[in-house]
1. Hey, could you check region 375-397 for residues that are within 23 Å of residue 5 (Cβ to Cβ) and in contact with a helix residue (DSSP H, G or I) (Cβ under 8 Å, 6 or more places away or on another chain) and say which is nearest to ligand 1 (Cβ to nearest atom)?
2. Which one of these is assigned by TED's automatic domain parsing to the domain that holds residue 379 and at pLDDT below 95: 112, 91?
3. Taking the condition assigned by TED's automatic domain parsing to the domain that holds residue 35, within 14 Å of ligand 1 (Cβ to nearest atom) and in contact with a helix residue (DSSP H, G or I) (Cβ under 8 Å, 6 or more places away or on another chain), does residue 131 pass?
4. I'd like the full set of residues that are more than 16 Å from ligand 1 (Cβ to nearest atom) and part of a strand (DSSP E or B), limited to region 220-275.
5. Which one of these is surrounded by 15 or more Cβ atoms within 10 Å (Cβ to Cβ), within 33 Å of the chain's Cα centre (by Cα) and within 30 Å of residue 107 (Cα to Cα): 351, 371?
6. Scan region 330-340 and tell me whether some residue there is in contact with a helix residue (DSSP H, G or I) (Cβ under 7 Å, 6 or more places away or on another chain), closer than 30 Å to residue 252 by Cα and assigned to a loop (DSSP other than H, G, I, E, B).
7. Just for region 1-31: of the residues that are away from ligand 2 (no atom under 16 Å from the Cβ) and under 16 Å from residue 352 (Cβ atoms), which one is surrounded by the most Cβ atoms within 10 Å (Cβ to Cβ)?
8. Going by what's in this entry, would residue 356 be described as more than 16 Å from ligand 1 (Cβ to nearest atom) and touching a residue at least 24 places away in the same chain (Cβ under 8 Å)?
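The values are calculated or read from the model by the stated rules, or taken from the named source; none is laboratory data. Since the structure is predicted, the reported quantities are computational estimates derived from the model, not experimental observations. Neighbour counts are summed over all protein chains in view; Cβ atoms, including those assigned to glycine, are modelled from backbone coordinates with ideal geometry.
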Ligand SMILES: Cc1cc2nc3c(=O)[nH]c(=O)nc-3n(C[C@H](O)[C@H](O)[C@H](O)COP(=O)(O)OP(=O)(O)OC[C@H]3O[C@@H](n4cnc5c(N)ncnc54)[C@H](O)[C@@H]3O)c2cc1C
Ligand SMILES: NC(=O)c1ccc[n+]([C@@H]2O[C@H](COP(=O)([O-])OP(=O)(O)OC[C@H]3O[C@@H](n4cnc5c(N)ncnc54)[C@H](OP(=O)(O)O)[C@@H]3O)[C@@H](O)[C@H]2O)c1
């Protein structure tokens with residue numbers, strides 16, 4: 001038998017929990033369905049042991065709570081963010097159902113609403129909020145399939161600590177935040193490390209006395225909206241390398257080279273016994289250097305324009321990486337590489353949502369999380385609305401907006417339902433059935449695209 005509920009939230013990560021918090025504040029009936037057995041699945045089961053957030057605590061808080069930790073400028077460890085989310089669920093008694101995997105979301109064939117098929121049965125809901133994240137599946141380049149079976153290869157998603165890897169050198173692929181942080185941990189633990197460098201930028205952790213993210217906030221960077229990006233694909237760009245570990249520090253590939261890491265170009269393919277490398281190392285190092293210099297220049301200009309009283313600073317200029325000889329191929333056996341860690345990012349797949357609501361990249365078509373299918377929402381995705389939408393920092397605004405939209409819609413719906421029905425007619429397009437309630441406004445009920453127009457209006461309404 002179907003379970004009826006006003007709103008189903010899919011995913012009990014921070015985005016789903018933030019929506020649940022706001023719906024609870026508004027007394028809106030809902031349930032959060034989470035496939036994992038416990039809270040904080042992404043942090044608990046998909047991060048390495050020493051993982052530390054790179055957003056300072058003042059940016060890592062969920063709606064309704066105080067800034068976590070004792071120091072707003074420090075960074076939460078993996079275990080601290082897990083505990084914070086666990087506590088959030090219990091403190092606000094959020095209705096999370098664990099161990100329930102959602103398999104499909106389909107529109108009802110008549111009337112507004114959705115069927116949500118799950119591993120434990122079917123829900124029928126007026127609203128569905130998809131909060132399954134964008135970092136869903138480890139991305140492995142095709143070249144990984146050609147590696148010898150003797151090499152231990154894992155994705156950064158599976159990496160836990162240096163001790164769990166077999167003896168020998170490690171090749172880390174990708175210098176985004178995961179790759180750069182894991183490479184640093186490995187070489188500091190005494191491992192011989194090779195790092196295949198990609199196009200990711202770099203920002204200093206601190207500049208002119210303040211944290212990089214403090215400057216981002218002050219300069220209004222987080223308010224940049226998705227329509228200001230140079231292209232829709234820019235949403236998916238790798239973030240500049242930086243670390244929150246040990247109180248936060250800058251990651252600089254020249255320093256890695258100075259400390260003995262062998263920097264390599266991008267991995268292009270497989271030879272008979274070796275990995276083929278692009279000759280782009282210097283270009284990518286220069287790119288990261290320029291990124292950091294541009295960031296500092298913007299801050300300097302901002303400080304000058306706004307006459308902010310902070311100390312002067314010149315970023316250290318390191319150049320060791322430019323002295324590295326670029327090599328076209330690397331024989332893993334000769335280099336004694338026993339492990340390859342693919343820090344090559346994540347892919348996403350929303351195919352469980354069986355509605356035409358995705359663009360050519362597979363990203364949901366929506367405006368601030370509100371799709372054009374009535375009652376279908378998305379939350380927690382990078383650049384959903386603005387530059388902070390994919391961060392803990394942006395959840396309060398986006399989740400609050402979605403919960404407010406659901407609440408307004410429900411209140412309107414409840415008020416018109418109490419009135420005597422005056423007239424039913426088809427709306428502007430065939431997928432809409434409008435019911436007019438005299439002077440009291442219009443309640444629009446979307447039926448699924450392509451639903452037969454001959455369907456009796458009242459029958460369609462009675463399924464609501
Ligand atoms: C390595 C890494 C580090 C990050 N570090 C930071 C940071 O320092 N600061 C910061 O602000 N942000 C950080 N982020 C971003 C952040 O973790 C989230 O991506 C973002 O906040 C969105 O959260 P979410 O709840 O949408 O997604 P997630 O945290 O991924 O949660 C999605 C949840 O949905 C569940 N789920 C998925 N599919 C289903 C299904 N079919 N049925 C039921 N449940 C399902 C999953 O089990 C999971 O619990 C990081 C991301 C990554 C990948
Ligand atoms: N809190 C933290 O401290 C922390 C730590 C890690 C990650 N994160 C977050 O997690 C998310 C994912 O980060 P991520 O670093 O895992 O993934 P990512 O940002 O997608 O970076 C993946 C990197 O792999 C590179 N790459 C892909 N194929 C390659 C190849 N064949 N050879 C060499 N390099 C290759 C990409 O290079 P190109 O771009 O050049 O293609 C890219 O730089 C981000 O939002 C990030 O902010 C946060």
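1. Step by step, filter region 375-397, then rank; the result is 380.
2. Just a single option satisfies the conditions, and that option is 112.
3. Against the criterion (assigned by TED's automatic domain parsing to the domain that holds residue 35, within 14 Å of ligand 1 (Cβ to nearest atom) and in contact with a helix residue (DSSP H, G or I) (Cβ under 8 Å, 6 or more places away or on another chain)), residue 131 qualifies.
4. Scanning region 220-275 gives 225, 262, 263, 264, 267, 268, 269, 270, 274, 275.
5. 371
6. No, every residue in region 330-340 fails to be in contact with a helix residue (DSSP H, G or I) (Cβ under 7 Å, 6 or more places away or on another chain), closer than 30 Å to residue 252 by Cα and assigned to a loop (DSSP other than H, G, I, E, B).
7. Within region 1-31, the match that is surrounded by the most Cβ atoms within 10 Å (Cβ to Cβ) is 9.
8. Criteria met by residue 356.
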